[in-house]
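**Student:** Can you read through this structure? Questions will come right after.
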Amino acid sequence: MPVIKSLQPLSELIANHNNWLIDQVVEDIRQIHDSYDQLTLTEAGKRAIPKLSLILIDAIENHSHLQNPSPYLNSLQTAISTTFKSQKLDRQKDTNHLIFVQKLIKLCHQCYLKILNLENFSQEQYQEFRRFINQFFENLEIELYQQNWINHLALEQEKKRQIYHQKIDLINEDIEEITDKVLSQWIVALQIQTSLQIKYGNSPSNKKRIRRLNQSITEKELSGKSIGYLNNLTDMTEQKNAEEVTTHINQEIQALFDAFPDILFRINDQGIILDYKLQEQQLLSTAPEEVIGKSIQEVFPEPIGNQLYEGIQQVLLTRQPLSLEYSLNIEDKKRFFEARIVQLNQTEIIAVIRDISARKHTELALRESEERLSTIISTNPNGLLILDREGKVLFVNPAAEILFGRPKKDLMGQILGLPIIVNNYSEIEILQPTGKMVIARIRQVKILWEEKEAFLASLVDVTDLKGAQKQLKILKQATEQSPVSVIITDAEGHIEYVNRKFEKLTGYTRQEVIGKNPRLLKSGKISQDQYKQLWRTLTSGQEWHGEFHNQKKNGELFWESASISPIKNEEGVITHFIAIKEDITRRKAQDRILAYQANYDALTGLPNRFLAIDRLKLAILQAERQEQRVAVMFIDLDRFKNVNDTLGHEYGDLLLKQVAERLKKCLRKSDTVARLGGDEFLIIIPNLKQPSHCKGIAKKILSSLEKPFNLLEEEAFISASIGITLYPDDGDDVNALMRNADTAMYLGKRGGRNDFKFYTLGMNETNRTRIIIENLLHQALKKKEIYLVYQPIMELKTEKVIGAEALLRWNNPQLGQVSPDQFIPIAEETGLINQLGAWVISQACQEVVQWKAQGTPISVAVNLSPRQFRDSKLLKIITDAIAVNGITNHDLELEITEKLLLEDSPGSQGILSQLHQMNFPLSIDDFGTGYSALSYLIKFPFNRLKIDRSFITDMTHSQKAMGLVKTIIAMSHGLNLQVIAEGVETSEQLNSLKSQGCDYAQGYFFSRPLTGEEFRYYLQLNKNPPS
């Protein structure tokens, strides 16, 4: 049996409440209505209670559950027997004596259980005391059954032995006791001549009932005639009395068996079962009717049968009762049994087997409960201390050791100074030996600890919680003051929290949205697919990032950038969602502007280069799938710079806008017109069925641009050069098509402008040559491949050399002699002309110095490109060259092409004015080839005018050309301008010019262009060198 911790309170309770127990059992007896005399049962109860209390207290002091109850039971029965004597009752005649004692003990049992309710024991103590009382009375009842059963068996044998050996002489009994009924039976038997046997009894005067056996035998003659009867009378009184006693004893034993709840076996010293009593047949492995005569090993499973057999032998040997326990699996359930073996005589024993499964399961449950309690205490994350009234530590769990930073041995018995505040929470600070400060929340309750009042203190480390609360407070403040909206919902999407920014932004108050779904902000601008994708992402445990086009409470639409994250608990289950949303309405508007600016031209509203390239890529993909063509047109406006520089950028912008509108009107809605920059446009024509359709579109564009443009109060005229390329004929990617269209446009512009050109493979070669020239030209000056030649200018009246024109030449080892018509336009386009022009001015001035040195002081004329006038250093380059070489401004004549006049930029006008003021001679070159008005001759301060060689070549065989030359000479003289004729190659041309009053001439008739050394020699001879 398990050791009882402390039963002293139970002992004191029983000793102090003896009278209460007597009163209680008397009260319980009064509630019983049976055959017993109430007075007898009440008296027996009064005598039994004190005796039982003494027995219980003795068992408590010995820490025993009454393992050997025989002495106690004999004493108890003696007390009960005294009751019978005092009431003048004959116990031998009271056949229900055993049941009487049993009922009395059960009543007492219940009283001792009721007494536990008089004190406020802890749950643990209450269960321990109840268990002890139950076990005590169970053992007492078992012993009672066993003793009385054995006593009845012995009594039965003794009575039989006395009755059957007793001899009673009934010979002298009076025959008169025969009744009339018996005599009548005799007479009938005589009449029918038969024998008769009669049992009868009567009560004579002494009141004792006499039982007799009368045997009458008919006596006959030899002839068979009845002559009388022989009558034998036997006294059977004692025999009948013995039979009645035996029947009564058997009934009493059977009542004992029936009342006994346990299994009983009578077994001999060989282990053979002689008799049994069994309530549940399934408790045996052998059928009950077959157990008689079988050994205990045959009836029970092998290990249990052997265990019981060994127990029987031990009891027969020691003559001491023995208890042992075993278990059986019955109907798939494990059941526990206790076998108590008691010696009946020298060769027999009685085995009482009780089912103790309920008790065992209770004990097991208690043990498991205690183990669980121990585990809970030891593994409890909260610190647990038990303190006495002075605050001394009586118990410490592992969590408390960690909390105080000290081992259990250092805490036990110490007074930690903890405040004793019962049933309330407080906070304390614990300074650990390491110097770490721990904040703990403490709660204390009163308990009993080893029969004394104590306090159970539960301590929770809230250090991290306090820190978390502080952080939470900061977080809450940050959330409330956040510049972005914060929304927290439960797992179903119901709003649980919104911050102030949300209220301010949406117009909804917190109270209006709590419990609602964020869909109340939906504007219908976001597709359902996007919301489905959002929920799929979130419910899979991932974050979602995106934008919402929502609606405020007042109906106003706004944009939000949202980041929504699932919030999971420790098990990884999503419990909430948090959304951080920023108002991006203004940014969206800016993005739209930026997106428009990134893809559209701000001036014309047309797609820009980037969008045009994207659309061209898309058109190529579609054409590839549908096996169709795509046309690409590259458009460059002619003379746009002249309008822009002459009238100003405002007019130029108006012109570009009007050009854009005219281009759009020439195209289909499916076509694209884009502005690439400056005066360059790109047209994409997808789904082109026939290449010839491009001609019609190009002509339509050129025709629309020929019409005058009304620019506020001004009117302007322009044209365009168009390059056309086709997919897939001329290329299969964007870069190739763009490059080919540009090449075709460039060649068209060089061919005379206001025209369109289709790209051809030959153009690639031309373009390739152009690229080679450009690349080599960059190194030409450094490699001294560039040089000057000089062509003399003759005064026609005197036929003397009055000057020379410096002409630029390039001799490349790879390309050979490169024509100026090839490399000068490239130099102008690439900006190299500025570097070349500065070098020409410097070299020409140096040559003038040498001419003067040899006694021929003449001037030199150099050409200035319109591109040079855009260089802010032009004036400084010219004046520095004059100063370095020590010549005068008159020695350097500057020739300006008509193209510069067409541009008519304010910057060019200013530089020309300054040059004129500095007395530099100015000439207008190639007059008649451009589109300038005569007003330019008045507007700019020119000294000379040079008639283009094309007019000189044609005047001898064209009257119109002759008339034009005469007009130019006359007009120039009228404007006080000297005239120089270029390209004079024949005497006929010379004579005609002389006759018309032309001032100067130059050309191969006088001399080809000469190198510096050749020209100096030419001057010395003052005649043409050999050709």
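**Student:** With respect to the numbered conditions (1) surrounded by fewer than 18 Cβ atoms within 10 Å (Cβ to Cβ); (2) within 30 Å of GLU480 (Cβ to Cβ); (3) aromatic (Phe, Trp, Tyr), which one is the sole condition not fulfilled by PHE577?
**Tutor:** (1)
**Student:** Something else: Within the stretch 746-767, is there a residue that is within 60 Å of the chain's Cα centre (by Cα), under 30 Å from LEU676 (Cβ atoms) and not hydrophobic (A, V, I, L, M, F, W, C)?
**Tutor:** Yes, the conditions are met somewhere in the stretch 746-767.
**Student:** Does ALA602 count as exposed (fewer than 14 other Cβ atoms within 10 Å of the Cβ), among the aliphatic types (A, V, I, L, M), touching a helix residue (DSSP H, G or I) at 6+ places or on another chain (Cβ under 9 Å) and under 28 Å from GLY907 (Cβ atoms)?
**Tutor:** Yes.
**Student:** Give the residues of the stretch 324-364 that are polar (S, T, N, Q), touching a strand residue (DSSP E or B) at 6+ places or on another chain (Cβ under 7 Å) and within 19 Å of TYR276 (Cβ to Cβ), sorted by residue number.
**Tutor:** Answer for the stretch 324-364, where residues must be polar (S, T, N, Q), touching a strand residue (DSSP E or B) at 6+ places or on another chain (Cβ under 7 Å) and within 19 Å of TYR276 (Cβ to Cβ): GLN343, THR347.
**Student:** May I ask you to list the residues in the stretch 795-833 that are among the aliphatic types (A, V, I, L, M) and touching a Ser or Thr at 6+ places or on another chain (Cβ under 9 Å)?
**Tutor:** Answer for the stretch 795-833, where residues must be among the aliphatic types (A, V, I, L, M) and touching a Ser or Thr at 6+ places or on another chain (Cβ under 9 Å): VAL801, ILE802, ALA804, LEU815, ILE824, ALA827, ILE833.
The rows are residues; the columns are (1) more than 22 Å from ILE969 (Cα to Cα); (2) assigned to a helix (DSSP H, G or I); (3) at pLDDT 90 or above; (4) among the acidic types (Asp, Glu).
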site: GLU847; (1), (2), (3), (4): yes, yes, yes, yes
site: THR879; (1), (2), (3), (4): yes, yes, yes, no
site: ILE882; (1), (2), (3), (4): yes, yes, yes, no
site: LYS899; (1), (2), (3), (4): no, yes, no, no
site: GLY910; (1), (2), (3), (4): yes, yes, no, no
site: SER923; (1), (2), (3), (4): no, no, yes, no
site: TYR931; (1), (2), (3), (4): no, no, no, no
site: PRO941; (1), (2), (3), (4): no, no, no, no
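**Student:** Within the stretch 474-497, count every residue that is within 22 Å of the chain's Cα centre (by Cα) and of a type in the set (Gly, Ala, Ser).
**Tutor:** Within the stretch 474-497, residues that are within 22 Å of the chain's Cα centre (by Cα) and of a type in the set (Gly, Ala, Ser) number 3.
**Student:** Being under 28 Å from THR760 (Cβ atoms), more than 44 Å from the chain's Cα centre (by Cα) and part of a helix (DSSP H, G or I) is true for just one of LEU667, LEU663. Which residue is that?
**Tutor:** LEU663
**Student:** Restricting attention to the stretch 362-391, which residues are over 23 Å from GLU427 (Cα atoms), aliphatic (A, V, I, L, M) and touching a residue at least 24 places away in the same chain (Cβ under 8 Å)?
**Tutor:** Within the stretch 362-391, just LEU366 meets the criteria.
**Student:** Which one of these does ILE613 not meet: (1) surrounded by fewer than 16 Cβ atoms within 10 Å (Cβ to Cβ); (2) not in a strand (DSSP E or B)?
**Tutor:** (1)
**Student:** Give GLU368, GLU390 a once-over and let me know the one that is among the acidic types (Asp, Glu) and outside the structural domain of ILE428 (by TED's automatic domain parsing).
**Tutor:** Answer to the check: GLU368.
**Student:** Which of (1) surrounded by 14 or more Cβ atoms within 10 Å (Cβ to Cβ); (2) modelled with pLDDT under 90; (3) closer than 21 Å to GLU453 by Cα does SER357 not meet, given it meets every other one?
**Tutor:** With respect to (1) surrounded by 14 or more Cβ atoms within 10 Å (Cβ to Cβ); (2) modelled with pLDDT under 90; (3) closer than 21 Å to GLU453 by Cα, SER357 is out only on (3).
**Student:** Can you name the residue in the stretch 716-741 that is outside any strand (DSSP E or B) and more than 55 Å from the chain's Cα centre (by Cα) and is also nearest to LYS617 (Cα to Cα) among such residues?
**Tutor:** Selected residue: ILE718.
**Student:** Answer yes if at least one residue in the stretch 755-763 is part of a helix (DSSP H, G or I), closer than 25 Å to LEU808 by Cβ and not charged (D, E, K, R), and no otherwise.
**Tutor:** no
**Student:** Might you check whether a residue that is in a helix (DSSP H, G or I) and surrounded by fewer than 18 Cβ atoms within 10 Å (Cβ to Cβ) occurs anywhere in the stretch 320-336?
**Tutor:** No - not one qualifying residue is present in the stretch 320-336.
**Student:** Out of the stretch 1000-1016, which residues are among the polar types (S, T, N, Q) and more than 18 Å from THR986 (Cβ to Cβ)?
**Tutor:** THR1011
**Student:** For the stretch 363-409, which residues satisfy the criterion of being polar (S, T, N, Q) and modelled with pLDDT of 80 or more?
**Tutor:** Scanning the stretch 363-409 gives ASN380, ASN382, ASN397.
**Student:** Same structure, new question: Inspect all residues belonging to the stretch 628-640 and state whether any of them is assigned by TED's automatic domain parsing to the domain that holds LEU726, closer than 30 Å to GLN909 by Cα, assigned to a helix (DSSP H, G or I) and more than 45 Å from the chain's Cα centre (by Cα).
**Tutor:** The answer is yes, given that some residue of the stretch 628-640 is assigned by TED's automatic domain parsing to the domain that holds LEU726, closer than 30 Å to GLN909 by Cα, assigned to a helix (DSSP H, G or I) and more than 45 Å from the chain's Cα centre (by Cα).
The values are calculated or read from the model by the stated rules, or taken from the named source; none is laboratory data. Please read these numbers as outputs of a predicted model, since none were measured by experiment. Note: ideal-geometry Cβ built from the backbone for every residue, glycine included; neighbour counts use all protein chains shown.
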